[in-house]
1. Go through B:24-30, B:104-110 and give me the packing order, highest mean Cβ count within 10 Å leading.
2. Restricting to lysine pairs 8 or more places apart or on different chains, what number in the protein assembly as shown have Cα atoms under 12 Å apart?
3. Take the Cβ-Cβ distance between A:Asn95 and B:Leu27 as r, set R0 to 22 Å, and report the resulting FRET efficiency rounded to the nearest 0.05.
4. So who's got an amide H within less than 5 Å of the one on A:Ala86, skipping anything under 5 residues away but keeping other chains? H placed 1.01 Å off N, in plane.
5. For the protein assembly as shown, what Kirkwood radius comes out of the mean inverse Cα-Cα distance, in Å?
6. What number comes out for accessible area per residue over the protein assembly as shown if the probe is 1.4 Å? Units Å², please.
7. Looking at the range B:1-100, I'd like the Rg to Rh ratio, where Rg is from alpha-carbon atoms and Rh is Kirkwood's inverse mean 1/r.
8. With bins 5 Å wide starting at 0, give me the P(r) of chain A over every alpha carbon pair, in whole percents.
Amino acid sequence: GESVGLHLPTLSVQEGDNSIINCAYSNSASDYFIWYKQESGKGPQFIIDIRSNMDKRQGQRVTVLLNKTVKHLSLQIAATQPGDSAVYFCAENPNSGTYKYIFGTGTRLKVLA
Amino acid sequence: DGGITQSPKYLFRKEGQNVTLSCEQNLNHDAMYWYRQDPGQGLRLIYYSQIVNDFQKGDIAEGYSVSREKKESFPLTVTSAQKNPTAFYLCASTLGSGELFFGEGSRLTVL
């Protein structure tokens, strides 16, 4: 399988529990943020996004929280399932007009049965 | 279905060879990107293109080249000048300051 994900921080949660994955972003001018899920050997999949004029956005079983004061983004997954096991990373758009996204290093989520 | 197609999924290169990774999208997106992914690191931008016949270097462009002759296509060539090319390569596209769509990736290994 792919070696992407080695040496990443790991979050282990029991199946059915809630997961919280955090991301510190770098640019206070960033106006758009995305959470991605990446399974081994595959391309990243969009989970949820949020714009800087919002503090919270909810999807199906997922919630993203944005704290612009401390440049922090979090992803909450409710009732975590085995299929949620993957690497999760955040992306920010620095609003530079060139669409040059900045990516976090990621967190590996392991769901324990 | 609309999406981004990368090929090949796995590629092996001998020392001194150039190899080209294909990226095709049918999403009608203007902007396309190539990223490199290494263990324990965030995605790093190699090249990006905001419009046909125009592209810009990203943060790690040395040893790579691209072309954007068609809106749908953004091939990446890994040249022999790239000293450490073994990595997972991801192509992406977007309409603008919105969701970035990714392909399934190409794994390049140097023999």
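1. Numbers: B:24-30: 16.1, B:104-110: 18.4.
Per-residue Cβ counts within 10 Å, averaged per peptide and sorted highest first, yield B:104-110, B:24-30.
2. On the way: A:Lys42/B:Lys9; A:Lys56/A:Lys68; A:Lys100/B:Lys57; B:Lys14/B:Lys83.
Taking the Cα cut-off of 12 Å, the pair count is 4.
3. Details: r = 22 Å, r/R0 = 1.02.
In this case the efficiency is close to 0.50.
4. The list, which skips near neighbours in sequence, is A:Leu109.
5. On the way: mean 1/r = 0.0555 Å⁻¹.
This gives a value of 18.0 Å.
6. Heavy-atom SASA per residue in the protein assembly as shown reads 47 Å².
7. Numbers: Rg = 13.0 Å, Rh = 13.8 Å.
With Rh from the inverse mean 1/r over Cα pairs, Rg/Rh is 0.95.
8. All Cα pairs considered, the percentages come to 2, 12, 23, 24, 19, 12, 6, 1, 0.
The values are calculated or read from the model by the stated rules, or taken from the named source; none is laboratory data. All values reported here derive from a predicted model rather than from experimental measurement. Cβ coordinates were reconstructed from backbone atoms using ideal geometry, including for glycine residues, and neighbour counts include every protein chain displayed. When the accessible area is computed, the model is the full protein with side chains, heavy atoms only, and any ligands, DNA or RNA have been set aside. Shrake-Rupley method; radii C 1.70, N 1.55, O 1.52, S 1.80 Å.
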